[in-house]
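Just below is one structure, and these are the notes that go with it.
The numbers here are math on the coordinates, done by the rules we state, and not lab data. Remember, it's a predicted structure, so these values are computed and weren't measured experimentally. Virtual Cβ from ideal backbone geometry, glycine too; neighbours counted across all protein chains shown.
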Amino acid sequence: MENSLQNRRNFMKVIGLGAAAMVLPGCSDSSFLSAAGKKKRPNMVIALCDDLGYGDLSCYGHPFIQTSNLDKLAAEGMKLTDCYAAAPVCSPSRAGMLTGRNPNRCGVYDWIPHNSPVHLKKQEISVAKILKKAGYATCHVGKWHSNGKFNSPEQPQPNDHGFDYWFSTQNNARPTHHNPKNFVRNGIPVGRLEGYSSELIADEAINWLRNHWDRNTPFCLFVWFHAPHEPIATDAKFMKMYEGHKEAIYYGNVSQMDHAFGRLMKAMDDMALRDDAFVMFTSDNGPETLNRYRGSHCSYGSPGPLRGMKLHMYEGGIRVPGIICYPGQIKPGSVSSEPINGTDILPTLCDLAGAKIPTDRAIDGAGILPVFRGEKIKRTVPLYWRYDSALSKPFTVAMRQGDWKILADDNMTVFELYNLRKDKKEKNNLASSEAGRLEAMKKTLIKLHREIDLEGPRWPKWKRKK
Ligand SMILES: [Ca+2]
């Protein structure tokens, strides 16, 4: 642990020293440096879907779903083939994105029900808080799901975690994506809204850029769509695109989100904000399990070629689409297979902003800027996931190092080992034939698992009201 923190500090010294004059080889350095020779701080958009599967976008191989705006983003930037969420379920995945830390360290172990005592604690340092301190304007629109007592003084709210402006819901849009009535804008409930949540979220983001953001400051905008999480509702015109498909409501829901995302990109284009903006799109976990909600039958998400779905420790639960566009710094149409995790967002945005990454606590993520110049990420902590309620029992823990992934039960007694580069479907368990590798990975995993387990806080007992 001490070693890993020290390594991280040493690494950060290197990054810190290099930040002022950082040039990305292979890219246009002139666009990265202002006329005065100072590093230009980009505007940032982090768009997130809810339960969008690895196979749910056209550019990730879906045979029917049309996602022209996200396909365009990939064509203009980089498609990540090995992008991971920090967890196979909503709240921990978001806690990992916001803090750069494995969510189990923060005490966010599972999705957070309404009124639960569980929340992202105030002492956690969110990326929004760091960016705000560094002079960024910060905005969150959409699903928050990082506390149980939403919009209550009893727990930290988006503003407490560094968002200047927020237009958010505790969890899903209710009663559905259509005419939701649970959005809160900067602490004030807004009542029933007309329209669909993806469009409302895009409208608010565009309105914030046009009317609330001060152009003299760089901005970081978190756009966290509810789509395509249940309960789904889709505008008829998007369902019509899939006439004859029983999955039309789901397919159309993804296309409607894509359309809303495209409107935001177009608005940024119109405001001349795209030329040097860092835009990332990803999902918080794998696709919903088919027909989990009886009578709804809207869970038609696809993990593509991967094994498992949401709530699984196999790839389908945690591997998600990941697209990054950063003009002048990423070669258009490029593809990277470097493993990237939701916890990498905080260090990456800090590197882009020239802000310091916290050194007083364990940070699991790593900056991904080297990927844009075709280099490997310098990780001090392996990619690690733990979800005690995983449907892939006994496997509730996973770790990836390079091409290799180990799965384990919570007691660290049962293991599987896969080479993901050769076997992304996780069909061939090599635990027996790669005994030496298994032992080495077990050792690393057990140490990390224990360290994170010890750090995670415990919560008071609480009974969920039905
Ligand atoms: Ca989710």
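Here are some notes:
- Per-residue ellipticity at 222 nm, computed for the chain from helices alone with -39500 (n - 2.57) per DSSP H run of at least four residues, works out to -8500 deg cm²/dmol.
- Per-residue Cβ neighbour rank within 10 angstrom, fewest leading, PHE415, PHE163, PHE64, PHE219: PHE64, PHE415, PHE219, PHE163
- Computed from the Cα positions only, the extents of the chain along the three principal axes stand at 61, 58, 46 Å, in decreasing order.
- Dipole magnitude (debye, nearest 20) for the range 41-137, charges at Cβ of Lys, Arg, Asp, Glu: 720
- In straight-distance terms, cross-link reach from LYS443 covers every one of the lysines whose alpha-carbon lies under 16 Å from its own, apart from those fewer than eight places away in the same chain; here that gives LYS405.
- Taking a straight line from the alpha carbon of LYS133, these lysines sit under 28 Å away, with near neighbours fewer than eight places off in the same chain left out: LYS13, LYS38, LYS39, LYS40, LYS121, LYS122, LYS143, LYS149, LYS356, LYS378.
- Net charge contributed by nearby residues that have their C-beta within less than 15 Å of TYR314 (K/R +1, D/E -1): +4
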